[in-house]
Structures are given as C-alpha cells and as structure tokens.
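What follows is a single structure, written as structure tokens, with notes after it.
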Amino acid sequence: MTIDFSLYLVTGRELLPPGKALQGGVTVVQIREKSSDTLEFLEIARESKILCAKYKVPLIINDRIDIALAVQADGVHLGQTDMPVHVAKTLLPVGIVIGVSCNDPDHVKKAIADEVDYIGIGAVWGTTTKKLTSPVIGVRGVGSLLQALNGTNIKAVAIGGINSTNVLRTLHGSVSTSGHRLDGIAVVSDIVASSTPRSAAQKLRDSLDAWVHHFDLQSRVPQVYDVETIKNGVVELMQVIRDKSPLVHQITNVVVTNQSANATLALGASPIMATAPEEMHDLSRIPGGLLINFGTITNKGSMILAGQYANEAQKPIVFDPVGVGATQFRKTTASELLNAWQASVIKGNAGEMASLANSNEAQAKGVDSVGPGFADPASFIREIAKKERCVAVMTGPTDWVSDGTIVVKLENGHKILGDITGSGCLVGTCVATFCAGASLLAAAPGTSPEVAKLVRGNMLIGAVGGVLALTVAAECAAERSDVHGSGTFLPALIDELYNLKPETLLSRAKVQVL
C-alpha cells in the first residue's frame, strides 16, 4: 500500500494516538512498546487500530510481527537488532509496509538491498523518549544517508527530538547535495505530551506543507542573477542599512571586538557585543542580524542559544569558524554549532573552509590559510554551500561566494589587509551587517511573510555586499597619502567604510557570475 509518511506519529503505552492529533494532520501512526508483555501490547495495538481506522490513518507496529499480524496492521518497523527483513517478509502478507531504523551508511545500503519501503533516520536530535543505542547523527548527518537513496523508491523519515521549534531546521538542513529531501518527520512528545494535541499536530502540519511547497518551487524555478542585478542589490542594501540602522549582534573574539563594532557603526548599523546567555532571546527579537565568530571560544552556550533563537525569529546568522582546523576542540565545536542551528552564511578563508569540508586540498596554520589553495575554488565553494544548505563565502586574494547554484567571483581588495589583525573577522562583520539589511528589506511593510524559511532576505546579495564593502574600502584606504603601513591603514579603513558611496562601489566592484 502507499503511505503518506509526512507526519509520522510514534506512540505507545499510556500514549494512545489521540483522536484530535489525527484530526490535526498526522498521516501515519507507529505503536512502539518495548517493555509491556504480549497481552498488554496486543490491547494497545487493537485500540490504536480502531482509532486509526476511524480517521483512515495507517497503523505501523514496531518490532512485533505477531502483533502486526494479529491486528492486521498496515506495516511493521524493525530496528537493527530486531527480526531481519528477509525473515519478516516470509511471515507477512504481500503489500504490508516494512520500515527499518538507520543510523549510518551501512544501514542504508542494507535497507536498499532488502528492498524495504521506508527508512527511519536518526536520532537527529537528542531525545528522552527512547534510550539511544546509536549516536545522535545530527541534522547535517542526514543528507549523505538520503543521497544513498537516489534512484530508489524508498522513502525516508527523520526521527529523534523533532518538534515545532526545530522542524524547519530539520527539513532544510537535511537535504542532500543532490537535492534529495526527507519524505517526512517522526514525532513523539511534541504531539502526545501536548495538552492540545490537535493544535500541536496542525502546527507541525502547517510547517511541513509550507516548507515542502517552498522547496519544490525553489527547485523548479531557481533565482537568476547577473552582475548588474548583484551590484544594484548591494547598493540597495547600503541605503537600507543607513536608513534603518539594523542591530548587529556579534558574539566575537576578544581580539577584534573594538574594530568590529567600529566597522559596524561606520556602515550605518548598530553593534552590540553581548555574550550572556540570559540576553540571547531578547536580542533575537530585535530586527537585524547575528554574527558568531569563535576565534576565542568562551561562550559556546550563548552561541548555541543565540543561533537557535535567531532561526526561530528568521534572522540571519553569519558563522565565522576562525581557525577551525587548528584544534580538535574547534572542529568539534563547529560541528556542534552547525547542528544546533542553520547558518545563513558561512565565511572563512580557504584553510577554514577546507577543514569544514574535511578536505586536505587547502591548509591552515592557526587562523591563517597557507599554500596554493584549491585547484577549482568555484566548484569547491558551490559544493560546500550545497552541503551546508547556506551561502558560503571563501576569502583570499580572490573572494568566492555561492548559494549552491551560482558562484560569484570577487576580485577587489588590497594585500595590506593581510597585515592587520582580524581583517577576515571584519569581513564577517560586514557580511553580517549587509545580511541584516537584507533581512530588514525583506520584512518591509507590504512584503509577504515567508513562514517556510529560516531566514528572510537575500543572503547571497548580503554576503556579496559585505565582502565588496570591505574590499573596496580597503582599496580606497590603501591609496590615501596618509597611509604609510598597517598602523595607519586600519583607521583609514574605518573612515573609508564610513564614507563609502554607492557610486564608488559600483565603479570599483570587480564582479563575475559563474
């Protein structure tokens, strides 16, 4: 039979599927009961079957083939230590749906070989409803498993800690680099533990439907860019920033706090360098953007909270993984942050971006990139943007920006930028400022709400704008007669950001769309 796996409710003892939840948009129910005896499980399954039949919702039984046969369930779900699929098929009638739990690529390969109907991927988030026997794979671990399903008819649902606050992050972040998305999400406590299960289910249903519609539309009709469109978009954001002065919240490293705040002010925005976790929610509700720069990692808890609240508020998050390849702690922290929330833009030098992508093609020494870099930087930046599901910026003598579809090549700047501390961090500040402007522009009166997105505004234009603002200002600063070296260059750079005019940027910007 054909099952709609989009909103998959998992429940069990004392948590029979509430009828109101089924009215709220649940499309399939699984009864999972690991501790009850056979008679009790049978009674739970019978009651659930009656209720599901009333609302024409398919019923799946976890693990127990005998229970599934006894109640004439529509399917069974098997774990990695349950009855093998090939044995289950000899016992079950033709047409009954079989699903299996998968936590790694080998599990998926076996599921494909067994010709199952669907797989459950997880746990995606930490969960208290089930004792986990395998590690949490995180949102970023789902895509590669989905990619393995390409060319098959096997459906996939994600499970583990999914709720209304992280459902969009789960759906968006789990898409594979080939564009393979989830067919559904499996939910437990967000529905069955709710005092209003119908509303809880409907909220998830609405998020699912909106995101799928947006994803399918975006896949069919990708946005088209040319050089003129990009330059004009950047100039428009310059004016928005000066008119609206968005708040740019920056959790950044101690080395660059002062110059980052001054650069933000020079562009016309308002900086706040708050790090206390108690402030993160309130700050996320103020229009603007968020920069997370972990050059000095001392506020990881605040970084996690700030990013999660920003996703909820549809605010841009610019992540600058400074020196991510220098230590294992930095690599682990970057992975933890990127699984906790969805970055809108990731910005780094070649060495940092290579480390995020687990590539050895570019090298890093501390916070600096060394060596020749990538043989094909355009292809690399496009692929990492696809993988991380965001805009990616790779800085260097030539800057590269991609949304996973197009690549923008930028060739402004001056070599003296490499002689001051934190020039890369200043790029992150400028990108966050322009992305904040893009967010405000998208939220202007008269614009339609974008409930299916984790961020409002054109992040590609924001990222290009931030890079161009700093690199064009650097050229102007380096040409000044009062600049004699790195010591006089930095204040001149801030001055040039402050005095940057649209016509200057338009005339100097060296932009190619690939």
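The values are calculated or read from the model by the stated rules, or taken from the named source; none is laboratory data. Since the structure is predicted, the reported quantities are computational estimates derived from the model, not experimental observations. So basically every Cβ, Gly included, is an ideal-geometry build from the backbone, and we count neighbours across all protein chains shown. Areas reflect the complete protein model, heavy atoms only, side chains present, ligands, DNA and RNA absent. Shrake-Rupley method; radii C 1.70, N 1.55, O 1.52, S 1.80 Å.
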Restricting segment 197-211 to residues that are of a type outside the set (S, T, Y) and within 19 Å of the chain's Cα centre (by Cα), the one surrounded by the fewest Cβ atoms within 10 Å (Cβ to Cβ) turns out to be D209
Of the candidates K510, K501, the one satisfying the condition of being open to solvent by 40 Å² or more (accessible area, probe 1.4 Å) and touching a residue at least 40 places away in the same chain (Cβ under 8 Å) is K510
Considering segment 217-233, residues that are in contact with a strand residue (DSSP E or B) (Cβ under 9 Å, 6 or more places away or on another chain) and among the hydrophobic types (A, V, I, L, M, F, W, C), and then whichever is least open to solvent (accessible area, probe 1.4 Å), we arrive at I230
If we ask which residues in segment 168-196 are without any contact (Cβ under 8 Å) to a residue 60 or more places away in the chain, open to solvent by 30 Å² or more (accessible area, probe 1.4 Å) and within 16 Å of F5 (Cβ to Cβ), their number turns out to be 2
V248 fails exactly one of (1) under 30 Å from E503 (Cβ atoms); (2) open to solvent by 10 Å² or more (accessible area, probe 1.4 Å); (3) outside any helix (DSSP H, G or I), namely (2)
Scanning segment 91-109 for residues that are in contact with a strand residue (DSSP E or B) (Cβ under 8 Å, 6 or more places away or on another chain) and over 17 Å from I61 (Cβ atoms) gives C102, N103, H107, V108
Within segment 68-83, is there a residue that is under 26 Å from N163 (Cβ atoms) and either open to solvent by 60 Å² or more (accessible area, probe 1.4 Å) or among the aromatic types (F, W, Y) (or both)?
yes
Checked V87, V116, V124 against criteria (open to solvent by 30 Å² or more (accessible area, probe 1.4 Å) and either out of contact with any Leu (no Cβ under 8 Å at 6 or more places or on another chain) or within 17 Å of F5 (Cα to Cα) (or both)); the one match is V87
H214 meets each of (1) part of a helix (DSSP H, G or I); (2) loosely packed, with under 14 Cβ neighbours inside 10 Å with one exception, condition (2)
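The rows are residues; the columns are (1) touching a strand residue (DSSP E or B) at 6+ places or on another chain (Cβ under 7 Å); (2) charged (D, E, K, R); (3) without any contact (Cβ under 8 Å) to a residue 12 or more places away in the chain; (4) more than 25 Å from S359 (Cβ to Cβ).
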residue: G288; (1), (2), (3), (4): yes, no, no, yes
residue: L291; (1), (2), (3), (4): yes, no, no, no
residue: F294; (1), (2), (3), (4): no, no, no, no
residue: I304; (1), (2), (3), (4): no, no, no, yes
residue: Y309; (1), (2), (3), (4): no, no, no, yes
residue: I317; (1), (2), (3), (4): yes, no, no, no
residue: P321; (1), (2), (3), (4): yes, no, no, no
If I filter segment 456-464 for residues that are touching a helix residue (DSSP H, G or I) at 6+ places or on another chain (Cβ under 9 Å) and without any contact (Cβ under 8 Å) to a residue 40 or more places away in the chain, do I get at least one hit? no
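Okay, residues lined up against (1) buried (at least 22 other Cβ atoms within 10 Å of the Cβ); (2) within 23 Å of A326 (Cβ to Cβ); (3) modelled with pLDDT under 95; (4) in contact with a strand residue (DSSP E or B) (Cβ under 7 Å, 6 or more places away or on another chain):
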position: A364; (1), (2), (3), (4): no, yes, yes, yes
position: F380; (1), (2), (3), (4): yes, yes, no, no
position: K386; (1), (2), (3), (4): no, no, no, no
position: V401; (1), (2), (3), (4): yes, no, no, yes
position: G404; (1), (2), (3), (4): yes, no, no, no
position: V407; (1), (2), (3), (4): no, no, no, yes
position: E411; (1), (2), (3), (4): no, no, no, no
position: L426; (1), (2), (3), (4): yes, yes, no, no
position: A432; (1), (2), (3), (4): yes, yes, no, yes
Among the residues of segment 260-294, the number that are open to solvent by 30 Å² or more (accessible area, probe 1.4 Å), touching a Leu at 6+ places or on another chain (Cβ under 7 Å), of a type outside the set (V, I, T) and not in a loop (DSSP other than H, G, I, E, B) is 3
Of the residues in segment 1-31, those that are modelled with pLDDT of 90 or more and part of a loop (DSSP other than H, G, I, E, B) come to I3, D4, F5, S6, G25, V26, T27
Here is a check on your reading of the model: is S101 touching a residue at least 12 places away in the same chain (Cβ under 8 Å) and open to solvent by 70 Å² or more (accessible area, probe 1.4 Å)?
no
When restricted to I416, I494, I461, the only residue modelled with pLDDT of 95 or more, under 20 Å from P377 (Cα atoms) and either of a type in the set (A, V, I, L, M, F, W, C) or open to solvent by less than 20 Å² (accessible area, probe 1.4 Å) (or both) is I461
The residue that is most open to solvent (accessible area, probe 1.4 Å), considering only those in segment 147-167 that are of a type in the set (A, V, I, L, M, F, W, C) and out of contact with any helix residue (DSSP H, G or I) (no Cβ under 9 Å at 6 or more places or on another chain), is I159
